[in-house]
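Worksheet: the structure to be examined is printed underneath.
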Amino acid sequence: VRALGSKLPSTWLEGAFPAPADCRIALTPLGEAVAAAWREISANWPGVEALDLQVMPEHLHGIIRVVTPQQHPLGQIVGSFKARATGKAKALAEALGSKLPSTVRGCLPPSLLAGESLWAEGFNDSILWTDERRARATHYLKTNPYRLAIKRLFPDLFKVSRDLEVDLGEGRVGHFSAIGNHFLLEVPVLA
């Protein structure tokens, strides 16, 4: 917006975005099963605390605190959570069986319906060494539904280009991968 300067009225963004506190993810029974498995981490792994969790439509973010040294690597703890969540999800799918309306059944991951894991292989992790980093990670996790709402409200602002051609001036052209407001590259002064 700064790049466009006075071309935009000052009220352009008023009311355009939801308030972060208004953006929440309503968990389905499958989401509830995953959250329940998350809450069981501490009981299954003494010395490990399952802290914050944000279940999203196609992924999740969670913060685990290792209080006492563990004999097993973090990957084994995460793998055990994934297995428990998959087991709960399979039990849910079996319990509901043919009672599931096709609209709900269509929302279940095909891998789960085929008896496979609910999860992709691997996970991403970061060590949060300080209280400040933990606070930032918690804030990111809790505001993830807000970012999803913004992406859904304004999909063009998050358009992915794999080969965006950009005039670099003086007869030079660059090729870039980019996500976002490509029209801002046309503005004379970028901020």
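The values are calculated or read from the model by the stated rules, or taken from the named source; none is laboratory data. Predicted model only: the values in this text are computed from it and were never measured. Here the Cβ is made from the backbone with ideal geometry for all residues, glycine too, and neighbour counts use every protein chain on show. Quick note on the areas: whole protein, heavy atoms, side chains included, nothing else; ligands and nucleic acids left out. Shrake-Rupley method; radii C 1.70, N 1.55, O 1.52, S 1.80 Å.
The simple spin-label model puts a point 7 Å past each Cα toward its Cβ; for Leu153 and His175 those points are separated by 3.7 nm.
Put Arg84, Arg162, Arg65 in order of accessible area, highest first, and with a 1.4 Å probe you get Arg162, Arg65, Arg84. Close amide H pairs (under 5 Å, H built 1.01 Å from N) link Ile64 with Leu51, residues at least 5 positions away or on another chain.
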